[in-house]
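The values are calculated or read from the model by the stated rules, or taken from the named source; none is laboratory data. Please read all numbers here as calculations on a predicted model, not as lab measurements. All Cβ positions, even for glycine, are placed from backbone atoms using ideal geometry, and neighbour counts span all protein chains on display. Ligands, DNA and RNA are stripped out before the accessible areas are found, and what is left, the full protein with its side chains, is counted by its heavy atoms. Shrake-Rupley method; radii C 1.70, N 1.55, O 1.52, S 1.80 Å.
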Number of protein chains: 2
Amino acid sequence: MVDADARRTELAEAAWRVILRDGLERASVRNVAREAGLSMGSLRHYFGSQTELLAFAMGLVTERARRRVRALDLASCGPRQAAESMLSEVLPLDAERRAEAEVWLALTGKALVDPILRALRDEAYDGLRELCERSVRALVESDGAVPGLDVDLETERLYAVIDGLTVHAVIRPDLASTETVKAVLARHLAGLCRRA
Amino acid sequence: MVDADARRTELAEAAWRVILRDGLERASVRNVAREAGLSMGSLRHYFGSQTELLAFAMGLVTERARRRVRALDLASCGPRQAAESMLSEVLPLDAERRAEAEVWLALTGKALVDPILRALRDEAYDGLRELCERSVRALVESDGAVPGLDVDLETERLYAVIDGLTVHAVIRPDLASTETVKAVLARHLAGLCRRA
DNA sequence: TCCTTTATAGCACAAACGTGCTATCATCTC
DNA sequence: GAGATGATAGCACGTTTGTGCTATAAAGGA
């Protein structure tokens, strides 16, 4: 018996590679199957349609990010350190995550029009927004924050910083280097706190 | 004689409509020509290839934004008001600009892989970055800014806020409403200034 | 008026695509 | 061992695609 879920993951990763190398429009059933070293028919044994394949590939990106965040041990950190750690797992700070983010952006483009991908995208963005909200709220309630902050506004602002940094890290890795991205995140969180 | 440039603009706008309605992958030569009420052959009289058409459509987005910014009369504003005005012209604050931004994001997805579109994208992002840098620098030099700001860091941070807000306004117009986007921008600029 | 350029139209071709379908081989169950 | 189920392979069909090409209508200059 073959581990069907592992096979699906392999195929989704093959789809990633094709998307990264040749673009989303080349991520056809044929090309992904060839990249994975399988036949078209075999791929279709695991994914009933191309949309199913792309949806799985998209879900894999978010699942990995979610898993990284969940794996963190935040018991011994204050709210600011916790926020920095969690958000660092979402940002594309190394080559692997930059690749994931690039795949994500490519699929997000298609999600503008495909309802299934859109649902996945919205779910992921809601999760990220919640992460930002939790971070802001924890800071505010910890009494270390600048007084008078509007939680909703600061959530949206932090959320924008994260997504903006993600976009920049993908399309201009030369300008938005790992160090720069880290520094901007740290600076922004510092701006929410009373002490520098 | 027909105004060739006006025709090209018409065709590019037809491409926008197809991209918005059916997605980038449906923006074929045939479909765009049909949307514009012309024949394939006629379209190809103005654009030698599909890439040329899409590149023109992409360039039109940035050109319009640039023109809006240039049309501003900033003589009588301080640096903070000037920054807010300029950046407001770049953000998708109404339906029309939201549509432009959506087209932009769709084409940006393809630019991850197409060198010609990538050059256009990079050029536009450089322009936006420069806008942010000018805004930050003007604030800092006007002596109204919080002391000790790192211009490069603040440029990248403002730049991230702008692009993050753009993404959110396109994909979640319900959450990132016009008012919210405006408020976040105002809040961020206020955070760079000494007085609230 | 004639001739050259421009504009529009549309056919033709090869390539790629998604998917329905059947066939073969392996693996597990009884 | 026989039969059922899962896994892999690949063909075939109808569409759509980008682009090369030719043909017709309009316009402008001599």
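Buried surface between chains A and B: roughly 3300 Å² of accessible area, summed over both sides, computed with a 1.4 Å probe on protein heavy atoms only.
Distance from the alpha carbon centroid of the range B:150-196 to that of the range A:126-178 works out to 11 angstrom. Solvent-accessible surface (1.4 Å probe) assigned to A:His45 amounts to roughly 140 Å². Surface composition of the protein assembly as shown: carbon and sulfur atoms hold 50% of the protein heavy-atom accessible area at a 1.4 Å probe.
Annotation: amide H of A:Ala145 within the under-5 Å range of A:Arg194, sequence separation 5 or more or interchain, hydrogens built in the peptide plane. For chain B, the Cβ-based charge dipole about the Cα centre amounts to some 360 debye (Lys, Arg positive; Asp, Glu negative; other atoms uncharged).
For chain B, what are the DSSP H helices with axial Cα length of 15 Å or more and mean Kyte-Doolittle hydropathy of at least 0.0? It would help to have the intermediate numbers written out before the result.
Details: long enough: B:4-22 (27 Å, -0.44); B:50-70 (30 Å, -0.23); B:79-90 (17 Å, -0.39); B:95-111 (24 Å, -0.27); B:115-141 (38 Å, -0.29); B:151-171 (30 Å, 0.76); B:178-192 (22 Å, 0.55).
TM-like helix candidates: B:151-171, B:178-192.
Take every Cα pair under 8 Å whose residues are at least 6 apart in sequence, average their separation, divide by the length of chain B, and the relative contact order is 20 percent.
Straight-line cross-link partners of A:Lys182 among the aspartates and glutamates, defined as a Cα under 12 Å from its Cα and at least 8 positions apart when in the same chain: A:Glu84, A:Glu89, A:Asp94, B:Glu156. Annotation for B:Asp73, label-to-label distances across the other copies: 6.5 nm (shortest first, one decimal, point 7 Å from Cα along Cα→Cβ). Please report the spacing between the Cα centers of the range B:71-100 and the range A:20-67 in Å, no decimals. So the separation of the two Cα centres works out to 41 Å. For the protein assembly as shown, the per residue solvent-accessible surface stands at 46 Å², with DNA, RNA and ligands left out and a 1.4 Å probe.
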